[in-house]
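Participant: I'd like to ask some things about the structure below.
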Amino acid sequence: MDKDAFLALALRNPVNEIIAGELFRLGLPDAWIVSGCLVQTVWNALTGRTVCYGISDYDVFYFDPDTSWAAEDAVIRRLQDTFADLGVTVEARNQARVHLWYPGKHGLPHPPLHCSADGIDRFLTKNTRIGIRGKQHGYEVYAPDGFDDVAGMIVRPNPGPNFSADKYAVKAAHWKTLWPELTVLSAETTSTRRPGERRDP
């Protein structure tokens, strides 16, 4: 699966297309629609399910140097109003301020980020390290791990400063109940190598 094939499947969900288009129109800084709502739409397309099946919310990352809660809350409310007619939950988070609240909420370190892509890089699973955003003509896609795991329906851990094996296991188990076709790689027993790759001696 390449970028164009991924986009074609992810945009079968009209909510993804609408949100990406509106984020571009609103001019929210460094704004991306990210993670599960994209990948899960593709899983649904690959398995013949309705495009919105199993999607609990639609995540938006943006990056604003104003790290006050008031500024983020204003964006959250603005997007809630903008997407009210869609009948879905849109979760917006300013990646510039995640380090201010994450350690207290989750008990894990979270060094400051420098852009929204840094936030995408911190997802628990490599297969969801994907974001899209609209541009004047078409879309930009950020996918540092490519699309092989998405196409193969493989859930792979993404070790990092804020990784939690327990949270990964819970998330992966929940996804497995919704998409039993998934292959879930254990955080404790697997490395980040691709299936079929050999370990170094």
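The values are calculated or read from the model by the stated rules, or taken from the named source; none is laboratory data. Owing to the predicted nature of the structure, the values given are computational and were not obtained by experimental measurement. All Cβ positions, glycine included, derive from the backbone under ideal geometry; neighbour counts span all protein chains shown. SASA here: full protein model, heavy atoms, side chains in, ligands and nucleic acids out. Shrake-Rupley method; radii C 1.70, N 1.55, O 1.52, S 1.80 Å.
Participant: Just the number please: accessible area per residue for the chain, 1.4 Å probe, all protein chains included, in Å². Write out the running numbers ahead of the final one.
Facilitator: Values: 9970 Å² over 201 residues.
Result: 50 Å² of accessible area for each residue.
Participant: Determine, from the Cβ-Cβ distance of A165 and R77 and an R0 of 45 Å, the FRET efficiency 1/(1 + (r/R0)^6), rounded to the nearest 0.05.
Facilitator: Working: r = 35 Å, r/R0 = 0.79.
Using R0 = 45 Å, I get an efficiency of 0.80.
Participant: Right, next: At 7 Å along Cα-to-Cβ for each site, give me the label-to-label distance between A84 and S56 in nm.
Facilitator: With each label point 7 Å from Cα toward Cβ, the separation is 2.6 nm.
Participant: For the range 69-201, which whole percent of the accessible surface, found with a 1.4 angstrom probe, sits on carbon and sulfur atoms? Walk me through the numbers before you get to the answer.
Facilitator: Details: 3720 of 7210 Å².
The value for the range 69-201 is 52 percent carbon and sulfur by accessible area.
Participant: Using a cut-off of 23 Å between alpha-carbon atoms, which lysines can reach K3, once sequence neighbours fewer than 8 places away in the same chain are excluded?
Facilitator: K126, K135
Participant: Roughly how many percent of the accessible protein surface of the range 1-40 is carbon and sulfur, given a 1.4 Å probe and a whole-percent answer? Walk me through the numbers on the way to the answer.
Facilitator: On the way: 840 of 1550 Å².
Ligands and nucleic acids excluded, carbon and sulfur give 54 percent.
Participant: Okay, next question. Looking at (1) 48, 46, 35; (2) 51, 39, 29; (3) 49, 35, 30, which value of Cα extents along the principal axes in Å comes from a calculation on the structure shown?
Facilitator: (2)
Participant: By a straight-distance test (C-alpha under 22 Å), which lysines pair with K105 as possible cross-link partners, with residues fewer than eight away in the same chain excluded?
Facilitator: K105 reaches K167, K171.
Participant: State, as an integer percentage, the relative contact order of the chain based on alpha-carbon contacts under 8 Å between residues 6 or more apart.
Facilitator: Normalised by residue count, the contact order of the chain is 20 percent.
Participant: Counting each DSSP H run of 4 or more residues in the chain as -39500 (n - 2.57), what helix-only mean residue ellipticity at 222 nm follows after dividing by all residues, to the nearest 500 deg cm²/dmol? Provide the component values of the computation, followed by the final result.
Facilitator: Numbers: 8 runs with 81 residues, N = 201.
The per-residue figure over the chain is -12000 deg cm²/dmol.
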